[in-house]
Structures are given as C-alpha cells and as structure tokens.
Ligand SMILES: [Zn+2]
C-alpha cells in the first residue's frame, strides 16, 4: 500500500513526477501513487467543481426489437462499423456533483426495477465515496423513466429522504396523472405506475419541485427543456468558470446507431418525431459549441464531445485520468 512504502521510494516517485514521466516511466510510479478512481466511479472536473460518474450497472438492448425507422440489416451495418453486434450493452449512468454544502445527484439509476443484477448499484457507488443516501440534498431527474427515477424509492420509501427532487413539471403531469396509470395511447401502463411508485413518496412529503422552461434550478445548474423522448425531458447544464458539462439524459440511447443516424428512434419515445427533432437540433448545437456532454446510456462514464461526422455525428469520449490527485 502507498502509505507503507519506505520514504526513498516516495522521493523517487516525486522525482519522476517532477520530471514529467513518460508513458514508460515504470511500475514503481504506478504502485506508489493513488488516484481517486474506483471501479464504477470516474471523477471529472468541470471548472472548480468535481463530477463523479457513477455506474448503476448495464443492461442488454435488443435493437432489432427496439429501434424504429431502420431495418435489422441497416442496424447491423451500423453496429458493424462500431465493432458491435446486437444486442448491445447499455450503460446506466448517474452523476454526483458536490457544490459547497450540497450533494447533487443527477439521475438515480434503475433501483430494483430492472430485477436482480441489472442496475441498482448506485447506492453502493455513493457508499464507496463515503456518501450516505441521507446526505444527498438534491436529485435532478432528466425524466421519469425506470432507469432514471427507479432508484428514488424502495418499498414505498424514499431512498434519499432529505433530498428535493427536481424534475420538469410536464413529467409529473404526464406520468403521475391518476387517469394515466392504465397507459396512454399504447404507451404502457408500467411506465406510469413505476414513475408514480418512484416519485410518489417524495410528492407525499412535499419534496418534489417541478420546473417549467429553461431555469437555473441550483447555483450553476440550469435545466433546459428537451422534450420528445418524454413530454418534460430536460437536460441539466453545469457551469463552472469557463467550462460546462451538459447532462443529456436520453437524448439518445444507442451511440453507435443514433449518432450517425439521429433520425432513428426507439420504442421508449413518447413522441418519436419530436424526439428525433430534438436529437438532431441538440447534437448539432453541441458539435458547434464543442461543449462536453454526459449521457445516461453512453458507455460509462458517458462523458465526451459530439462532432459532425459524415451526414450525422460522432462521439469522442474524454480521456481517462487515473493518477495521484486526479
Ligand atoms: Zn428514457
């Protein structure tokens, strides 16, 4: 362990670090320095703030059954270009931002809604950071779907009892409406019932804060409506100094298909045409602005940039940082 190594080694490491070690600096430097990275947890700096990407788990997705506006052959061709095959593995990402006294959680993963082994790792990731569920002051939900809001509650009780839940008011109006609980126009009842089970305990305690339009909901965090996938689907843009990170929720589900072909939609969309238009608009904007994004289903940690590529877009992940103090 680093703390048990004799002083001369530490001095050697310091000397190596001071000399800006090359990639082949050797194994000593690796053993004697500790970064904060852990399995399922990746730290990323945004200006003066730290974001921790937290893996809630991953689930397989059968794209032949899920995607609309494509054929299995077209989908397979796009997957082939991305060195993947159907079914693809979808990450379920959540993020923690600490701002002063606040511990702000963005998305809550699936909780137990996807069954044993699929998702539900969020609370253990937080524990590995030394953060109890009671310490979470704010939860930001991009939309009320099981893999984003499912981790909010367990057995009818709030998992984060001291948190205010921020969500687009249109989400609450749509998913928690009593007359929607048996499904709406072919959109399955489970979406509504799971949403009500997840949000309901917070509604009962007066801890849900719905917002409308583009709103600064916390210092440095602005909610941006991005409807289509769901009626109140919203991004959260974190700004610090001259850097930003925009949490895009489900702007897209399948990077290797919907970046090159943003017109392809998925059966989870409430309004596929609006979801497509929103995806095309914002991917174009992100590419022009060169702004960093964090996606709930982009491969963990899901942070990177969008660039124009052919007739569509490509995604470039940020570098992995894993050294002392990072
Ligand atoms: Zn969704």
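General remarks:
- Odd one out for residue 309 among (1) farther than 23 Å from residue 65 by Cβ; (2) more than 13 Å from the ligand (Cβ to nearest atom); (3) in contact with a helix residue (DSSP H, G or I) (Cβ under 8 Å, 6 or more places away or on another chain); (4) at pLDDT 95 or above: (3)
- Qualifying position, being within 16 Å of the ligand (Cβ to nearest atom), farther than 19 Å from residue 248 by Cα and touching a residue at least 40 places away in the same chain (Cβ under 8 Å), among 198, 234: 198
- Tally of residues being more than 12 Å from the ligand (Cβ to nearest atom) and touching a strand residue (DSSP E or B) at 6+ places or on another chain (Cβ under 7 Å) across region 210-231: 15
- For residue 98, the test of being assigned to a strand (DSSP E or B) and within 22 Å of the chain's Cα centre (by Cα) is passed.
- The listed residue being over 18 Å from the mean Cα position of the chain (by Cα) and surrounded by 22 or more Cβ atoms within 10 Å (Cβ to Cβ), out of 170, 163, 132: 163
- Flag if residue 265 is away from the ligand (no atom under 14 Å from the Cβ) and either touching a residue at least 40 places away in the same chain (Cβ under 8 Å) or surrounded by fewer than 23 Cβ atoms within 10 Å (Cβ to Cβ) (or both): no
- Checked against the criterion of being outside any helix (DSSP H, G or I) and within 18 Å of the chain's Cα centre (by Cα), the candidates 244, 256 yield just one match: 244.
- Flag for residue 125 being closer than 21 Å to residue 39 by Cα and either in contact with a strand residue (DSSP E or B) (Cβ under 7 Å, 6 or more places away or on another chain) or away from the ligand (no atom under 15 Å from the Cβ) (or both): yes
The values are calculated or read from the model by the stated rules, or taken from the named source; none is laboratory data. Everything numeric here is computed off the predicted structure, so don't read it as measured data. For neighbour counting, all protein chains shown are included, and Cβ atoms are generated from backbone atoms with ideal geometry for every residue, glycine included.
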